[in-house]
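Everything on this sheet refers to the single structure shown next.
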Amino acid sequence: MTGRLLIVDARADTLRARLGAESPSLEIVTAASPAEAMGRLDGVAAIMGFGYSFTDKMFQMLPALEWLQFLSSGTDRLAGFASLSPRTVVTSC
């Protein structure tokens, strides 16, 4: 991955601390909500969050998104994201 990781969740700062301890060179930015995340998309290569953390507008702004990590087992919301690139790797817990 060649960019920043954006974590979108009310507990994003906790996740950043845990991930940052394991990967100190990884640049991690956080947002408590999708609305807050919209102002932090610059340089983002990966997004992590629950399904409600993502919006199609985010994917319109990130056509080269490399990785999307769902923090839940279901990815049903993908059907509503017309702007998500087919090249984006999607994983879930």
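The values are calculated or read from the model by the stated rules, or taken from the named source; none is laboratory data. Model, not experiment: these values are computed from the prediction. All Cβ positions, glycine included, derive from the backbone under ideal geometry; neighbour counts span all protein chains shown. The accessibility values were calculated without ligands, DNA or RNA, using every heavy atom of the protein model including side chains. Shrake-Rupley method; radii C 1.70, N 1.55, O 1.52, S 1.80 Å.
Residues in segment 83-93 that are more than 14 Å from the chain's Cα centre (by Cα) and either closer than 18 Å to M38 by Cα or surrounded by 14 or more Cβ atoms within 10 Å (Cβ to Cβ) (or both): S83 alone. In segment 16-32, the residues that are farther than 19 Å from D42 by Cα and touching a residue at least 40 places away in the same chain (Cβ under 8 Å) form no Cβ pair under 7 Å with any partner that is among the acidic types (D, E) and assigned to a strand (DSSP E or B), whether six or more places apart or across chains. The set of residues in segment 63-81 that are modelled with pLDDT of 90 or more and polar (S, T, N, Q) contains only Q69. Does segment 2-22 contain any residue that is open to solvent by less than 40 Å² (accessible area, probe 1.4 Å) and of a type in the set (S, T, N, Q)? No - not one qualifying residue is present in segment 2-22. The single condition among (1) at pLDDT 90 or above; (2) more than 12 Å from the chain's Cα centre (by Cα); (3) not small (G, A, S) that T2 does not meet is (1). Filtering G43, G51, G80, G74 for residues that are free of Cβ contacts under 8 Å to residues at least 60 places away in the same chain, under 13 Å from the mean Cα position of the chain (by Cα) and open to solvent by 20 Å² or more (accessible area, probe 1.4 Å) leaves a single hit, G43.
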